[in-house]
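Working notes, structure below.
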Amino acid sequence: MVRPEVHKIAALTGHRDAVYALTGGPGSAVYSSGADGLVVGWDAADPARDGEVLARVENSVYALRHLPALNWLVLGHNFQGLQAIDLAQKTLVHAAALPPVAIFEIVASESRQRLYAGLADGTLAVLTLPDLRLEKLLRVAQGKSLRCLALHEGRAELAVGSSDALTRILDLDSLALKYELGESTNSVFSVAYSPDGGTLLTAGRDAQIRAWDVATGYALAQTVGAHMYTINHLAFSPDGRYLASCSLDKSIKIWDAADRTLLRVLDRARAAGHGTSVNRLVWPGTENRLVSCSDDRSLAVWQVGT
């Protein structure tokens, strides 16, 4: 693959503390939150526009998820449960109490009309949609946090990465354990299925990206020494060509999604990148724009390729 040109378009500022959570929304919309409890909406297609504060909560937010069918933004309000904001009306429409711990990840299955949340006490919370009724609490990891989740709708599977260094593949309906991937040597912070569903990628505190072949029962296909320190997040571009990773080492890396060949490094020295840990990534819309967020209280908007 030809190495794409990558340009930083803008820095988005306004948060008062570290930004931990990002999710895409309708069109080019992006939503962010973090240690300051502010939930802010941005437009990646018009980064000169100021962000819009949608909510203020009293604790940190580590997890955000846009639900397209409902046009809701669901936020994990640490120690207070889940809250859903109707983005059209800009009002709180639902709240669900959960165990009083941090919420690290939220994913939703439209086919099952279920929301899944990974909690710091090792519990997976399952809630029904659209009423956000708590259906089940399942202890997946004993004494270790559930740090990341990814859905494979076609196989009806849920990948769960944990601080016990394991990635578990659960049946989406019964939540029974189907596979346990144990080659990681430290906490798993990000799991991501490739757009074609054929590969699961995992990454975390050991700074390596592992690729698992889904069709062969999640056999380990590749291990890449990707960063110097903890990998916080992985995200595929909408067209499936690129993989982006971000790290505690303050860098973002762009990879060929097919074979994990490194294409670009975006850091402070080479690309006017972030000055501290980069925590989350999202590719909003269809223009191959990448948005990142960081402990430095800012978001950055990047144009990848033409």
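Among the residues making up region 55-82, those that are of a type outside the set (A, V, I, L, M, F, W, C), more than 16 Å from Tyr116 (Cβ to Cβ) and touching a residue at least 24 places away in the same chain (Cβ under 8 Å) are Ser60, Pro68, Asn71, His77, Asn78. Of the listed requirements (1) in contact with a Lys or Arg (Cβ under 8 Å, 6 or more places away or on another chain); (2) of a type in the set (S, T, N, Q); (3) part of a loop (DSSP other than H, G, I, E, B), Thr286 misses just one: (1).
Listed by position, the strands (runs of 3 or more DSSP E) contained in region 37-99 that have at least 3 residues being out of contact with any Gly (no Cβ under 9 Å at 6 or more places or on another chain) are 72-77, 81-86, 91-96. Taking region 166-214 as the range and being β-branched (Val, Ile, Thr) and either touching a residue at least 60 places away in the same chain (Cβ under 8 Å) or not in a strand (DSSP E or B) (or both) as the test, the residues that pass are Thr185, Val214. Of the residues Thr199, Thr185, the single one that is open to solvent by 30 Å² or more (accessible area, probe 1.4 Å) and within 18 Å of the chain's Cα centre (by Cα) is Thr199. A residue that is under 17 Å from the mean Cα position of the chain (by Cα) and closer than 28 Å to Arg114 by Cα occurs nowhere in region 44-54. Out of Ala29, Ala44, Ala48, one residue alone is out of contact with any His (no Cβ under 6 Å at 6 or more places or on another chain) and closer than 22 Å to Lys250 by Cβ. It is Ala44. Just one of the numbered conditions (1) crowded, with 22+ Cβ neighbours inside 10 Å; (2) under 24 Å from Gly25 (Cβ atoms) is not true of Gly305: (1). Within region 107-116, the set of residues being surrounded by fewer than 24 Cβ atoms within 10 Å (Cβ to Cβ), touching a Leu at 6+ places or on another chain (Cβ under 8 Å) and not charged (D, E, K, R) comprises Val107, Ala108, Ser109, Gln113.
With the structure loaded, tell me whether Asp239 is open to solvent by 20 Å² or more (accessible area, probe 1.4 Å), at pLDDT 95 or above and either of a type in the set (D, E, K, R) or in a loop (DSSP other than H, G, I, E, B) (or both) or whether it fails that test.
When the stated conditions are applied, Asp239 does not pass them.
The values are calculated or read from the model by the stated rules, or taken from the named source; none is laboratory data. Just so it is clear, the model here is predicted, and its values are computed rather than measured. Cβ: placed from backbone, ideal geometry, glycine included. Neighbour counts: every protein chain shown. We work out accessible area using only protein heavy atoms, side chains counted, and drop any ligands, DNA or RNA first. Shrake-Rupley method; radii C 1.70, N 1.55, O 1.52, S 1.80 Å.
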